[in-house]
Amino acid sequence: MRRIRKVVEPRFGAGLFLALVSAAPATAQTVGEIGGAVTDMQGLAVPGVTVTLEAEALIGPQTAVTLVDGSYRFRALGRGSYDLTFEIPGFRTLVREGVIVEGSRAVRIDAALELATVAETITVSGDAPVVDLKTTALVNDFGVEELQDVPSATDVWAVLGQTPGVRMRGFDVGGSHKSQQTGYESFGIRDQNRVLADGVDTTEGEGGTGFYFDYYSIGEFTTTAAGADVQMTAPGSLVMMTMKSGGNDWSGMLHGDYEHESFVGDNIDDALASRGYTGNPNLLFFETHADLGGPIARDRAWFYGFYNHFRIDKAVSGVDRAVATDLGDFDQFGGKVTVQASRRDRFIGYTNWGLKQKPKRGLSTDVGPDSVLAQDSWSWAHKAEWQRVWNDRTFTATALKHFGFGWPMVPQVDPVQFPPRLDTATGRLSGAGWFPGVTGSPPFTFRRWKPQVTVTANHYTPAFGGSHDLKAGYEFQIDSSRFGSNANSGHVRYLDDSANARPFHVDRITLFSMPAEGEISSDDRNRHHALFLQDTWRPTDRLALNLGVRYEQQHTYFLGSTAAPYFAEIFPSGATAGRTNVVWNTWAPRIGATFAFAPRTVLKGHYGRYYVNLADAHAAANPGGTAWVRYDFLDPNANGIYDGPDELGAVLDQQGAVGALSAEGTPVDPDLAPEYVDEMGASFEHELAADTSIRVSWVRKALNGDSGLWNVAQQTALLDGRGVSCAEDPDWACPLNALTGARLRVQRVPDDVAGMVDTRIAAFPGMGADYDTFQLAVNRRFSSGYLLQASVDYQWRDEFRAAAGESRSPLFADPLVVGAGGHGRIWQNHGLDVDFRQRTTNWGGRLLARAPLPYGVGFSANVRYQSGWPYAFIQRVDIPGVGTNQPIFLTDLSANRSENVTLVDLRLEKVLDVGSGGRLTLMADVYNALNSNAVTNFSLRTGDDERVIAALDPIALKLGARFQF
């Protein structure tokens, strides 16, 4: 056989596109497909061609036979490089090498076969183009090289920080934030994310990440921040991590990183020191990882196993490090087994376990060493999946999955001797551990339980007004939240006010419904049923239409429970029956279109509706859940301690079931309408050169409404214009602006609702939001040691912002609450000069780059720039008929902006060959190379204004080594 080799540039017929047909749709994990059409040299379809697919990522070769229109396809393909062979008697054999599959893309490889005169093979090499000709989703994809060969914090949030359209609410320097989750926004939307680990939904609540994943066990990480298809449930980011799978050849890795206090610089100048900042540097960071993968039976079964441990110890500003530091220990272990049971059937098993230990969780300038809570929690995720290729047109995937965790919180001191207190004037806690904020929860024992079933079928129809890729599926999930407040820190919380000059600063008191010992046993659930259908229709080679709809039912309810509260005279005792809160039946269209002007230039547009995930938003409706009542505290004996009901004044607020056994929890509006985000976008993409593309995009996300807990009687009176201004009330002197001395324009509620507590869970009038983002992105796929990902965003925002509940954690930037803060308590605004709704802007950019240097040396950079966050100072004022210390904004947020943040991380690495097939990589990472000290969070409260809570950690060096075989 004579072999002729031709190396050619990729052509339009081999264009790369992202099919909205997930190759393993039952799990929505990151897998792709290869498909195309085979013709003769006259352009006529050639049916009956045997197409063979080979790659290291495959357990064994796969084959397909072209259909009547000459089409073929291979589904459920992992990231990697693939070779295709096209064979049929009478034609020359054609081999296409090096076809790159990334993310959930579907790569189109068309083949034109020549008539055979002698037995010969034509080999064509060339990677797939990077311009996506079919999907409208805005996807960012990282493979092993992008994850491991650039400097980062080696966690989920580090990757999100490199994703276009994602704005971080915290800034990691060399692992400084690795021990806690970092908040983020997806084209403006906070929370409402879906986080999948090898297809297992590990989303915590409305958008958190329920796991601290072993970064080095991830084979591919994909984020879709806009334009997600019918398998996305919510309006935030779809985050998919696909774990490594082993292979036909043995492979393994040992990795270690180390950073010592002596490797860390100092960036505290006189200006920072004058604002009370002493620094939050890393004192110690190290991480170790080991994995092994290989064949159980070659070409039949693979396995992969891993273990990871990391420790981080941080100083905390304002806390003597000799007294306490913020220490975290984390362990992860798990594995994956893949079995090719037959030519058509594949089975996958996956498990992951994690242990998090933080003895002083929450340590900050506001939460001293005695007031922290110790965390010692396990998390787990499991999956069993069956994939079947029924024929060359039809593919199905069925998966059973489970995610959960157990999380007890333990205080440091005895609540009898050191009762829990919050100084509402300064936001500082003392005594036994409690969560910050006026409505902060007691310590808890939290168990989440999330069984899941997914079934998806894909079918290809080659010739019916064009080609059609059909996808249909069903999803089932129970999201069970057993959030049991416990009595570890007692049953009474004191809300003091150091500004009122009373003994012990006593002001208000909150009594809670926990039992005398142990925890509350409530179980709040959201049951999901979803059906989806989508057609990716290509009426012509240049036009693709993505037409889909998702039906979903969310059913929030709680199970029956038994209550035995310590304060039995205030809270109901005995058994309560389970009940439904709300049932939402929703239909969500997802529509997209792409038009290719030229082989490497495409215009795209999309529209989709995404309904909000309620998760456990209605927990307050459960009469067996945590309830509380807030009172004026009379304290006649002036000892600052609750001695009995005679010391209780007027009821100021309450939540949950209060009163007799028949008492209900916080009522849920029976007519609560589904909340959703309408998303639309347009983008223009062009391939600049091989492996390199540019994209210009506009995305709009519009939230139609938001719900939470609010005092309906009082808020409605204010919204109806019935509030009474201090200037109109002769018995109420207008308070003075603490910054300027001018009189404030504030209002109280009218007399008919003064002192009334009418808390309900309902939609708040007018609480929508609009986010418009313009984006420019350039991408060069990792190839030959080179990588480039760069993007810039500019965003206009119109949203509800709250002066209550701001985060004072050193791990968070942009601390002001948006909307109801994830279906929480809604701020009651008594200011007349500053409205709920605020219009602001932000912008940012990111650059991820790598280049090889001589002698096996590599250089890489990770640069992030983000504008400061708009803010206003907050003053707390006493409002007759409502209570003391009610927060108001003193200006619009657009009047002020925090410091812009620029972070530059650099790496030098040297690769050494070791033995036969071994490779040792030595790494030196420099984080915050410019030693920026930009302030990321500070106190917004007057009297404590501009006290620095957090700034960027200083320049730091981390050394690492990695051995692979």
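The values are calculated or read from the model by the stated rules, or taken from the named source; none is laboratory data. Note that this is a predicted model, so its numbers are computed, not measured. These accessible areas exclude ligands, DNA and RNA; they are computed on the full protein's heavy atoms, side chains included. Shrake-Rupley method; radii C 1.70, N 1.55, O 1.52, S 1.80 Å.
What number, rounded to the nearest 500 deg cm²/dmol, is the helix-based mean residue ellipticity at 222 nm of the chain, given -39500 (n - 2.57) per DSSP H run of at least four residues and division by all its residues?
On the way: 4 runs with 23 residues, N = 965.
Using -39500 (n - 2.57) per qualifying helix, the result is -500 deg cm²/dmol.
Looking at the range 138-243, what % of the alpha carbon pairs are farther apart than 16 Å? Could the numbers behind the result be given before it?
On the way: 2948 of 5565 pairs.
Taking all Cα-Cα pairs of the range 138-243, the fraction more than 16 Å apart is 53 percent.
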Could you give the alpha-carbon Rg of the range 583-697 over 2.2 N^0.38 Å, rounded to two decimals?
-> 2.07
Work out Dmax and Rg for the range 359-431 from the C-alpha atoms and quote the Rg first, both in angstrom.
-> 23.4, 72
How many percent of all Cα-Cα pairs in the range 647-705 sit more than 13 Å apart?
-> 80
Which percent of the accessible heavy-atom area of the chain goes to carbon and sulfur, probe 1.4 angstrom?
-> 58
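Would you list Arg502, Arg108, Arg850, Arg962 from the most to the least accessible area, probe 1.4 Å?
Arg502, Arg108, Arg850, Arg962
Which sequence of Thr233, Thr580, Thr202, Thr740 reflects their accessible areas, 1.4 Å probe, from the largest down?
Working: Thr233 30, Thr580 65, Thr202 0, Thr740 105 Å².
Putting Thr233, Thr580, Thr202, Thr740 in descending order of accessible area: Thr740, Thr580, Thr233, Thr202.
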Determine the distance separating the Cα centre of the range 165-182 from the Cα centre of the range 565-597; give it in Å without decimals.
-> 29
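As a test, work out the antiparallel percent of DSSP beta bridges whose residues both lie in the range 32-125, rounded to the nearest 5. It would help to have the intermediate numbers written out before the result.
Numbers: 22 of 33 bridges.
The antiparallel proportion sits near 65 percent.
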Inter-part gap, Cα centre of the range 517-563 to Cα centre of the range 669-684, in whole angstrom, is 14
Convex hull per residue volume in Å³, alpha carbons only, for the chain = 160
Per residue solvent-accessible surface (Å²) - the range 138-243, probe of 1.4 Å | 12
Cross-link reach from Lys178 to lysines, straight Cα distance under 19 Å and at least 8 residues apart if same chain, gives Lys314, Lys356, Lys358, Lys360, Lys958
Can you list the lysines whose alpha carbon sits under 24 Å from that of Lys134, skipping same-chain ones fewer than 8 residues off?
-> Lys471, Lys604, Lys701
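Rounded to the nearest whole Å², what accessible area per residue is found for the range 32-125 with the 1.4 Å probe? Working shown, then result.
Numbers: 3270 Å² over 94 residues.
Spelled out: the 1.4 Å probe surface of the range 32-125, per residue, equals 35 Å².
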Under 19 Å from the Cα of Lys401, which lysines turn up, not counting those fewer than eight places away in the same chain?
-> Lys244, Lys336, Lys383, Lys450
Over what distance in Å are the Cα centres of the range 206-221 and the range 726-758 separated?
-> 49
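Pop out the Kirkwood hydrodynamic radius of the range 374-522 from its pairwise C-alpha distances, inverse of mean 1/r, in Å to one decimal. Write out the running numbers ahead of the final one.
Working: mean 1/r = 0.0512 Å⁻¹.
Answer for the range 374-522: a Kirkwood hydrodynamic radius of 19.5 Å.
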Considering the Cα trace of the range 32-125, what is its radius of gyration and what is Dmax, both in angstroms?
-> 12.8, 40
